[in-house]
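Worksheet: one structure, shown below.
Values quoted throughout were computed directly from the atomic coordinates according to the rules given, and no laboratory measurement underlies them. Since the structure is predicted, the reported quantities are computational estimates derived from the model, not experimental observations. With ideal geometry, Cβ positions are generated from the backbone for all residues, glycine too; neighbour counts draw on all protein chains shown.
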Amino acid sequence: MAGILKVDKYQDFNGNDIMTSDGSGNITINNAALKMTPAFEAYLGGSGGQSVSDNTVTLVQINTEVYDTDSAYDTSTYRFTPQVAGKYLVYGSIQNESSTATNLKASYLYFKKNGSNILETVNSYDNSPIRADIITGDMIVDMNGSTDYVELYGRIDSISGSGQLFESDTQFKRATHFGAYKIIGA
């Protein structure tokens with residue numbers, strides 16, 4: 001037997017709204033424990049990309065927000081500081097490009113928590129160098145909610161030692177991006 005339950009709000013035993021409905025099928029979750037926030041996504045905007053020195057670990061200047069639910073991402077320091085304790089799925093990608101064909105030997109992506117490496121991924125092309133690639137990474141990070149922060153770094157190793165950059169939004173829509181969101185129930 002099936003049944004239908006029609007309500008405009010769900011409340012806890014103390015009368016606090018957990019979820020509300022506007023009557024048109026739009027639900028608002030009012031309980032912070034049920035939201036996947038704080039959350040943000042941002043990308044390297046502008047034209048020309050970010051020039052980087054050869055084989056040097058470099059902070060990626062992710063400067064254009066797509067969304068930032070709690071103002072937890074800073075586009076001047078390029079840090080995500082959620083201010084809410086929990087586990088976060090952190091993700092990112094970097095479009096790497098060399099100024100000449102067959103110049104790119106390897107590209108690296110790093111996540112750093114409070115300045116220390118917590119993830120390093122590498123795409124290596126030692127035997128067959130290329131001109132460009134996209135490297136991605138993701139991981140779950142436990143954040144204390146008061147002082148912990150996460151940043152995205154990259155490194156490009158080229159044959160010539162010059163002419164590398166992290167590609168901006170102009171050619172590949174948001175290929176160089178960075179984001180995170182709180183995981184419910186973790």
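The table for this structure:
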{"quantity": "Sequence-separation-based contact order of the chain, relative, with Cα cut under 8 Å and 6+ spacing, percent", "calculated": "31"}
{"quantity": "Hz values of 3J(HN,Hα) by residue in the stretch 53-59 - Karplus curve (6.51, -1.76, 1.60), Gly and Pro given as x", "calculated": "6, 4, 6, 10, 5, 10, 5"}
{"quantity": "Pairs from K9/K87; K113/K182; K6/K182; K87/K112 whose Cα-Cα separation, in the structure shown, is over 23 Å", "calculated": "K9/K87; K6/K182"}
{"quantity": "Amide H within-cut-off set for V84, under 5 Å, with H built and near neighbours excluded", "calculated": "G145"}
{"quantity": "Most to least packed among 46-52, 89-95, 21-27 [average Cβ atoms within 10 Å]", "calculated": "89-95, 46-52, 21-27"}
{"quantity": "Neighbour cut-off at most 16 other Cβ (10 Å), DSSP loop, trypsin sites (Lys or Arg not before Pro), the stretch 1-90", "calculated": "K6, K35"}
{"quantity": "Residues with amide H under 5 Å from that of Q11, placed H, sequence gap 5 or more", "calculated": "I18"}
{"quantity": "Hz values of 3J(HN,Hα) by residue in the stretch 125-142 - Karplus curve (6.51, -1.76, 1.60), Gly and Pro given as x", "calculated": "10, 3, 7, 8, x, 10, 9, 8, 7, 10, 10, 10, x, 7, 6, 9, 10, 7"}
